[in-house]
Amino acid sequence: MSSDPPGRTAVFVDGCRIPFQRAGTGYADLRAYDMGRMVLRSLLTRTGLPADRIERVVMGTVVQDVNTSNVARESALAAGVPNHVPAFTVTMACISSNQAVTSGVDLIRCGQVDIVAAGGTETLSDPPVRLQRPVRKRLFEARNAKSTGDYLDLLDGLSPGDLLPESPSISEFSTGDVMGESADRLAAMFGISREEQDEYALRSHQKAAAARDDGL
């Protein structure tokens, strides 16, 4: 039985994206919200929808920038969406943008909104690079330092290695796995061959191309 409330079936109207590029190349000088802005602005142009008709913006991301932690909000504002429109960011590893779309669908189905812009944005050209934890702790403690001696005391116990930045990582914290390793394990668990995966991916692209050619 359908879980859609009467009259509340969500419909996909249009979509757009910017091309994938290798980290450190064409998008090297852009931040994640810049790329989010580009697709939101293009979506509004393609559909002819006034920005103030959007009732919610939802975006997925994985590697978050602390300066733009709600990247959906920053992308929306930069794209010209009015500041009274709520926006929120979701993260669910490599399906973060899928979850953003699902969240948007749920908002429509439960009757909270009628129009949602949903998608995802990510850049690995400028990932957050943190200082080692011992240094971060001492910087926090430095707020209470009042004399030169207090500042020098904060250096006590630090090793040269502590001064090196942490290497950015996209592996899962609890397992240490990256997406490819998890995907290989799941494929083996369900008996899905590489050939079947490639065929599925090809069908997906073929259907997308056919839908585009049919004006959908």
Count - residues of the range 69-117 that are out of contact with any Gly (no Cβ under 9 Å at 6 or more places or on another chain) and of a type in the set (Val, Ile, Thr): 6
Pick from the range 97-135, criterion modelled with pLDDT of 95 or more and small (Gly, Ala, Ser), ranking: surrounded by the fewest Cβ atoms within 10 Å (Cβ to Cβ): SER103
Near pairs, Cβ below 8 angstrom, 6+ apart or cross-chain, from the range 94-118 (among the acidic types (Asp, Glu)) to any residue that is modelled with pLDDT of 95 or more and part of a helix (DSSP H, G or I): ASP114/ILE108
Cross-chain or 6+ apart pairs with Cβ under 7 Å, the range 152-176 first and in a loop (DSSP other than H, G, I, E, B), then among the basic types (Lys, Arg): PRO165/ARG130; GLU166/ARG130
Residue within the range 62-80 that is surrounded by fewer than 16 Cβ atoms within 10 Å (Cβ to Cβ), over 18 Å from the mean Cα position of the chain (by Cα) and at pLDDT 95 or above present: yes
Options ILE192, ILE170: the member that is closer than 27 Å to ALA32 by Cβ, of a type in the set (Val, Ile, Thr) and outside the structural domain of ALA28 (by TED's automatic domain parsing): ILE170
Boolean, LEU49 is assigned to a helix (DSSP H, G or I) and touching a Leu at 6+ places or on another chain (Cβ under 9 Å): no
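The values are calculated or read from the model by the stated rules, or taken from the named source; none is laboratory data. These numbers were taken from a predicted model, which means no experiment stands behind them. Every residue, glycine among them, receives a Cβ derived from its backbone with ideal geometry; neighbour counts consider all protein chains shown.
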